[in-house]
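The values are calculated or read from the model by the stated rules, or taken from the named source; none is laboratory data. All values reported here derive from a predicted model rather than from experimental measurement. All Cβ positions, even for glycine, are placed from backbone atoms using ideal geometry, and neighbour counts span all protein chains on display.
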């Protein structure tokens, strides 16, 4: 790879060392989940070994030092991966100001996406694995609209919000997934097809070498990379003590913008972002709010306005906005026969105002209607 | 001496002819039955011996051999007692009846000689007619059922002691009145009026019934899914008399004629722990399953996601073809099973649904649960209805429209379908070629094309939507599918995942 991204051998060996240290760090970093692992990762190789694996430190160090550069490059090539280190060209500038930035990034997919990650060029979308249909819909729309506006969407391939953000972004272009295991491993395994699509059309990143297995500590470590990569982190849904809030903490510590999507105050799934909003996070209702926060108000306008609705359809849309999630609820709320409610819902779904899940649950999309009061 | 009597054995729901040959000759006294009898047939020895003696006949103290021909066919059940007894009486010279070779006999004997009802008398009487018998002698309890069959004399017999009077011509029983076949539902059956509120669910039920479309209801426990499903037979059109006979034949073979004929179309709701052979039929000897019992009626699968995967997989073929083929080493059976599928499922393992903040299910659990649904049977389901807990006002409100009114509309829609597709067929059975021939208005066509482009519908989903739209148009009495009908169909169709 003469023209591709390059990494110096010492930085590469650091990645392999972290993979070797997986179980040792697991032992000392668990118990206080979250912040401990990234702190450890600030240490030099020798200090890290002394803290995590004092008994076998010399042995492990010798093993890593013995890895030849050609051997490392061969392993990367065998897994269709490449690497870029902090001394190289393609290493994202945004990571340089983080004290615990990874020495090397192992990637699989299109390295040119990293160039699009100038400090304002990307947004990290995170949230709960257990998300509601509201959260999923918002994450998908955010992913899609931001990508369409030329913003790279970064997330973590997890269940729920992460996957929806990736899927939405893929509908409009490329996306970056940061993993807590080697970039050649789909984790969770249920997202194998999504992982494959991102490898083909976007980019999968990790600080761990190919074949590395995930540990509990690698996820907060991955979160710190996600927070540092982009100029803004948006939390879509998260319970009060969710792991997604760790990413938000990292972003705030680094001085990055922090956004949160508001939710019902009674919803446990929205407690995290609602708390962030109370603490001064930027209010994110749609992609336009993100663009305003990153680029300045009005710098880039998104057109999400749908066509004019006839009165009957507008009423059906209002019913969905008021919390009717099934066709039956809409029919009852509007006191319509079932057939008419069904027809109205199908029409506003075709126009893009609502989406319907496989189990018949309707959710409002981010498309605004000309008749709604907010325009 | 040798005597032969015709009888029948039940194989699934079909009756197969059997000749009972009895030979009585001198030798060490004994009573042997040969010709692949099962345990119940072999025990006929004891019943026949006691019944003959208790009715005042003589049990010959000679060597008795009973052969059941054809010897390759497996004979099951106690229905051959009467034929064995009659043949034995004839062979030992105690009964002299010219008509005996042209008469079929079935019936179980009690020890005192009275006859007991057998299963499948309807199928047996039909098979006797096909076999060329002029009369069939059978237990009095089965008389009404056998009298449904035209073209054969039906002789109800209370006990073995009447046999000699019958043979001598001293006693001529009247042909019993044929069992009345109930084509429509009974007044006492559950009525759709019990479903209060829930306008969209009512609409989905009506469309499903009108086109014979399979229906899946998804919603939290207690929202009224089972209540709605049990009302589906009451809004289906009444059975045609030929269909009623098919239903009666199956019910008779399974010994549940009384239950099945209580309310027109059958309604079967097997529990989700049922095995594949319990659902589609099987076992050895093969027995009809729930799918066959639901023939011409409704098969309701509650908790669809909890059913065993192999059971649901086994149901796929029969749903498509309307019949089950059971192949065993000995024989092959074709069982009819044209039923309407109604299924219900919870939205997630805890039942509350993802939209409910109290749902405690992990995402992987929900994914696995919904995956179970999409795998096996989802392809065959046309309509999805999301059911929600009715509000207190709705539950306390006025009763809904009664079944009879809905049934009128369904019947009118079915008549339109039969005119277009041929007798007995409905929109759910349209082939893809027929579905593409539906006449679409321009607005409806552009609506469908719009969604097709936006959501990348599969070809199969496209056809399914057309079938649904056609049914809705039939309900509305429209010749072409208008925009409103197409929009309703798009809303009702089952969504592919995602």
Criterion violated by residue A:324 - all others in (1) at pLDDT 90 or above; (2) within 16 Å of residue B:390 (Cβ to Cβ); (3) more than 7 Å from chain B (Cβ to nearest Cβ) satisfied: (1)
Over the range A:286-312, the set of residues surrounded by 13 or more Cβ atoms within 10 Å (Cβ to Cβ), within 24 Å of the chain's Cα centre (by Cα) and part of a loop (DSSP other than H, G, I, E, B) is A:286, A:300, A:302, A:304
Of the listed residues (B:320, B:313), the one being assigned to a helix (DSSP H, G or I), away from every other protein chain (no Cβ under 14 Å), surrounded by fewer than 22 Cβ atoms within 10 Å (Cβ to Cβ) and at pLDDT 85 or above is B:313
Residue list for the range B:401-439, restricted to those being under 26 Å from the mean Cα position of the chain (by Cα), surrounded by 15 or more Cβ atoms within 10 Å (Cβ to Cβ) and closer than 19 Å to residue B:321 by Cα: B:421, B:425, B:426, B:427, B:428, B:429, B:430
Could you say which residue among B:173, B:187 is assigned to a loop (DSSP other than H, G, I, E, B) and surrounded by 15 or more Cβ atoms within 10 Å (Cβ to Cβ)? B:173
Can you find a residue in the range B:440-458 that is at pLDDT 85 or above, crowded, with 24+ Cβ neighbours inside 10 Å, in contact with a strand residue (DSSP E or B) (Cβ under 6 Å, 6 or more places away or on another chain) and more than 27 Å from residue B:239 (Cβ to Cβ)? yes
Quick check on the range A:174-192. Is at least one of its residues out of contact with any strand residue (DSSP E or B) (no Cβ under 6 Å at 6 or more places or on another chain), closer than 14 Å to residue A:126 by Cβ and part of a loop (DSSP other than H, G, I, E, B)? yes
Here are A:146, A:117: which of them is part of a loop (DSSP other than H, G, I, E, B), assigned by TED's automatic domain parsing to the domain that holds residue A:244 and either touching a residue at least 40 places away in the same chain (Cβ under 8 Å) or buried (at least 24 other Cβ atoms within 10 Å of the Cβ) (or both)? A:117
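Given B:229, B:123, B:208, B:127, which one is away from chain A (no Cβ under 14 Å), in contact with a strand residue (DSSP E or B) (Cβ under 7 Å, 6 or more places away or on another chain), part of a helix (DSSP H, G or I) and surrounded by 24 or more Cβ atoms within 10 Å (Cβ to Cβ)?
Working: B:229 fails: surrounded by 24 or more Cβ atoms within 10 Å (Cβ to Cβ); B:208 fails: away from chain A (no Cβ under 14 Å); B:127 fails: surrounded by 24 or more Cβ atoms within 10 Å (Cβ to Cβ).
Answer to the selection: B:123.
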When you look at residue B:472, is it within 13 Å of chain A (Cβ to nearest Cβ), surrounded by 24 or more Cβ atoms within 10 Å (Cβ to Cβ), in contact (Cβ under 8 Å) with a residue 60 or more places away in the chain and in contact with a helix residue (DSSP H, G or I) (Cβ under 8 Å, 6 or more places away or on another chain), yes or no? yes
Does the range A:265-285 hold any residues that are more than 25 Å from residue A:152 (Cβ to Cβ) and either more than 14 Å from every other protein chain (Cβ to nearest Cβ) or surrounded by 14 or more Cβ atoms within 10 Å (Cβ to Cβ) (or both), and which are they? A:267, A:268, A:269, A:270, A:271, A:274, A:275, A:278, A:279, A:280
Which listed residue is without any contact (Cβ under 8 Å) to a residue 12 or more places away in the chain and more than 10 Å from every other protein chain (Cβ to nearest Cβ), from B:420, B:464, B:460, B:454: B:420
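Condition first: within 12 Å of chain A (Cβ to nearest Cβ) and surrounded by fewer than 22 Cβ atoms within 10 Å (Cβ to Cβ). Now tell me which residues in the range B:476-498 satisfy that.
Selection gives B:476, B:482, B:483, B:495, B:496, B:497, B:498.
For residue B:465, state whether it is at negative phi and touching a strand residue (DSSP E or B) at 6+ places or on another chain (Cβ under 6 Å).
Spelling it out, residue B:465 is indeed at negative phi and touching a strand residue (DSSP E or B) at 6+ places or on another chain (Cβ under 6 Å).
Before we move on, is residue A:229 free of Cβ contacts under 8 Å to residues at least 40 places away in the same chain, in contact with a helix residue (DSSP H, G or I) (Cβ under 8 Å, 6 or more places away or on another chain) and under 25 Å from residue A:137 (Cα atoms)?
Spelling it out, it is not the case that residue A:229 is free of Cβ contacts under 8 Å to residues at least 40 places away in the same chain, in contact with a helix residue (DSSP H, G or I) (Cβ under 8 Å, 6 or more places away or on another chain) and under 25 Å from residue A:137 (Cα atoms).
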For the range A:46-65, indicate whether the set of residues that are touching a residue at least 60 places away in the same chain (Cβ under 8 Å), assigned by TED's automatic domain parsing to the domain that holds residue A:154 and out of contact with any strand residue (DSSP E or B) (no Cβ under 8 Å at 6 or more places or on another chain) is non-empty. no
Please go through the range A:220-251 and give me each residue that is over 23 Å from residue A:289 (Cβ atoms) and under 12 Å from the mean Cα position of the chain (by Cα), ordered by number. A:222, A:224, A:225
Scan the range A:84-99 for residues that are in contact with a helix residue (DSSP H, G or I) (Cβ under 6 Å, 6 or more places away or on another chain), assigned to a loop (DSSP other than H, G, I, E, B) and under 14 Å from residue A:206 (Cα atoms) and jot them down. A:92
Failed item, numbered, when residue B:375 is tested on (1) within 14 Å of chain A (Cβ to nearest Cβ); (2) modelled with pLDDT of 90 or more; (3) surrounded by fewer than 21 Cβ atoms within 10 Å (Cβ to Cβ): (2)
Enumeration of residues in the range A:329-369 that are part of a strand (DSSP E or B) and in contact (Cβ under 8 Å) with a residue 12 or more places away in the chain: A:354, A:355, A:362, A:363, A:364, A:368
Test residue B:141 against the stated conditions and say whether it is farther than 27 Å from residue B:14 by Cα, part of a helix (DSSP H, G or I) and either outside the structural domain of residue B:487 (by TED's automatic domain parsing) or under 20 Å from the mean Cα position of the chain (by Cα) (or both). no
Only one of these conditions is not met by residue B:26: (1) touching a residue at least 12 places away in the same chain (Cβ under 8 Å); (2) surrounded by 12 or more Cβ atoms within 10 Å (Cβ to Cβ). Which number is it? (2)
Taking the stated definitions as given, is residue B:219 within 11 Å of chain A (Cβ to nearest Cβ) and surrounded by fewer than 23 Cβ atoms within 10 Å (Cβ to Cβ)? no
For the range A:104-127, state whether one or more residues are in contact with a helix residue (DSSP H, G or I) (Cβ under 7 Å, 6 or more places away or on another chain), at pLDDT 90 or above and within 14 Å of another protein chain (Cβ to nearest Cβ). yes
Just the residues that are touching a residue at least 40 places away in the same chain (Cβ under 8 Å), out of contact with any helix residue (DSSP H, G or I) (no Cβ under 6 Å at 6 or more places or on another chain) and outside any helix (DSSP H, G or I), please, taken from the range B:360-400. B:381, B:384, B:386, B:389, B:390, B:391, B:397, B:398
